[in-house]
Structures are given as structure tokens and as C-alpha cells.
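Only one structure is covered here, and it is reproduced in the block below.
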Amino acid sequence: MISYNKFKPWALLDDPAKGLCKVAGTAILRLSGSALNPFWAPGSIVLVNGRATTLYASPVGDLMFVTDNVAPPTAWSSCCQARRSWTVP
């Protein structure tokens, strides 16, 4: 018998989510807005300041990692200070 306690064998449909975040390379830290859903699967589309990328892994707490560097081409200190918008369509 198959157990569905540890995973769901179907896609999870969810409402769109959005908020403000800080970005450093491929790391995105949620500052405000919708809570990150730990059931969002790797490969889910995320828009950061209008730029599309995909989740590398499911979010944990207020942190998510994406497959592309979504930070602007600036120094670490300045990119982490700026607030960016994020959306999961």
C-alpha cells in the first residue's frame, strides 16, 4: 500500500503570493507580505522585481533559494539593503 503521509503525489494549487524581500545572489529573504509556503515545489516560478526564475528548493521559514542570481550587479552590502518585490503567480 502506498503511504501519502510523507509526500503528495499531485501538484499543489495555491493562491498567488507577493511581498517585499532582500536578495543576495540566489537567496531571497521575505521581509513582508504573504507567508512562504513550504509546499511550493522546486521548479515553481518566482518573479523578483519582474524577473522570472524558479525555486531551487522548497522555502524554509522566510528564506527561499532560486536557480538564478536575481540580485542586481552591485556589491553585497548595497544589494542586501535594497528592498525588492517578489511574486509567485
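The values are calculated or read from the model by the stated rules, or taken from the named source; none is laboratory data. Everything quoted here is computed from the prediction, not taken from an experiment. We place every Cβ from the backbone using ideal geometry, glycine too, and count neighbours over all the protein chains shown.
Looking for whichever is modelled with pLDDT of 90 or more and either out of contact with any helix residue (DSSP H, G or I) (no Cβ under 9 Å at 6 or more places or on another chain) or in a loop (DSSP other than H, G, I, E, B) (or both) here; the options are 1, 64. Which one fits?
The unique qualifying residue is 64.
Identify all residues within the stretch 9-33 that are out of contact with any Phe, Trp or Tyr (no Cβ under 9 Å at 6 or more places or on another chain) and part of a loop (DSSP other than H, G, I, E, B); write none if there are none. First the steps, then the outcome.
Filtering the stretch 9-33 for residues out of contact with any Phe, Trp or Tyr (no Cβ under 9 Å at 6 or more places or on another chain) gives 9-11, 13, 15-16, 22, 29, 31-32.
Scanning the stretch 9-33 gives 9, 10, 11, 13, 15, 16.
In the stretch 19-33, which residues are farther than 21 Å from residue 67 by Cβ and without any contact (Cβ under 8 Å) to a residue 40 or more places away in the chain?
If the condition is that a residue be farther than 21 Å from residue 67 by Cβ and without any contact (Cβ under 8 Å) to a residue 40 or more places away in the chain, then 32 is the only one that fits.
Among the residues of the stretch 67-89 satisfying the criterion of being part of a strand (DSSP E or B) and closer than 13 Å to residue 23 by Cβ, which is modelled with the lowest pLDDT?
84
If you go through the stretch 36-51 one residue at a time, how many are over 15 Å from residue 20 (Cα atoms) and not in a loop (DSSP other than H, G, I, E, B)?
Total satisfying the criteria: 1.
Looking at (1) touching a strand residue (DSSP E or B) at 6+ places or on another chain (Cβ under 9 Å); (2) at pLDDT below 90, which is the only condition residue 9 fails?
Of everything listed in (1) touching a strand residue (DSSP E or B) at 6+ places or on another chain (Cβ under 9 Å); (2) at pLDDT below 90, residue 9 misses just condition (1).
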